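I have placed the structure first, in the form of structure tokens, so that the comments after it can refer back to it.
Derivation of every value follows stated rules applied to the coordinates shown; laboratory data play no part. Model, not experiment: these values are computed from the prediction. Cβ placement follows ideal geometry from the backbone for every residue including glycine, while neighbour counts extend to all protein chains displayed.
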Amino acid sequence: MLFASPQAHREGRPAIDCIKRQLDHSTTVIFVKEILIIGHRNPDMDSICSALAYAHFKQQLGMNHAMAARCGDINDRIEHVLQKFGVAPPRFVADVRPRVRDVMQQKVVQVGMLTSAWEAMEIMDRTNIRSLPIVDEALRCCGLVSVFKMSKFFLPAQARLADTRRILCSLDQLADTLKCDDAEMVNSQV
């Protein structure tokens, strides 16, 4: 089954089009505008009849958005049989390959360049994602941070164990990560 909308078909877009609704950070519900039922490329009589019958069956079950379609031209014999039974040929769909725009996420979770690694990890954990784009003040992408890269940084290879002792942040950043103020940190060291 392929998902498509009449508008996508008219605009020549591929046959995948749906509406995503974010219920919470972990649940996404996809509302399908239309389901295209397609036999196979270069359809024969069996493929066309199967697509028509299955689409009709789904409509009888209450799936009014199920539609028969085809990925190739029909021959004279198929056209004759469809005319004899008063059935319109299934809609032609030229391209059923999904594109990046069909599956991309439009509301992207991102972090600024001064965001701490701890905050980035918290955001990735809370939103259940594995990578975050790093953006500048103009919201231009400057880089990408991933769980994999973070794990390599925090858990270095045996040859880089000395790197784990080095702290690459200011006292303010450390206090912010530990959720305390600078005075508490200085007093605790004295």
Here the Cα Rg-to-2.2 N^0.38 Å ratio for the range 49-143 is 1.95
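Sorted by mean Cβ packing within 10 Å, highest first, what order do the peptides 105-114, 121-130 take?
On the way: 105-114: 10.9, 121-130: 12.8.
Highest to lowest by the protection proxy: 121-130, 105-114.
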Ranked highest first by average number of other Cβ atoms within 10 Å, how do 35-41, 72-78 line up?
35-41, 72-78
Could you give the radius of gyration (one decimal) and Dmax (whole number) of the Cα atoms in the range 41-87, in Å?
11.2, 33
Pseudo-spin-label distance residue 61 to residue 95, built 7 Å along Cα→Cβ, given in nm, is 3.1
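From the cross-link list 149/179; 33/149; 152/179, which pairs have alpha carbons spaced over 29 Å apart? Intermediate values should be presented prior to the final figure.
On the way: 149/179 24 Å; 33/149 38 Å; 152/179 25 Å.
Those over the limit are 33/149.
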What lysines sit close enough to residue 84 to cross-link, taking a C-alpha to C-alpha distance under 25 Å and skipping anything fewer than 8 places away on the same chain?
58
Kirkwood calc, the range 100-145, C-alpha pairs only, radius in angstrom 11.2
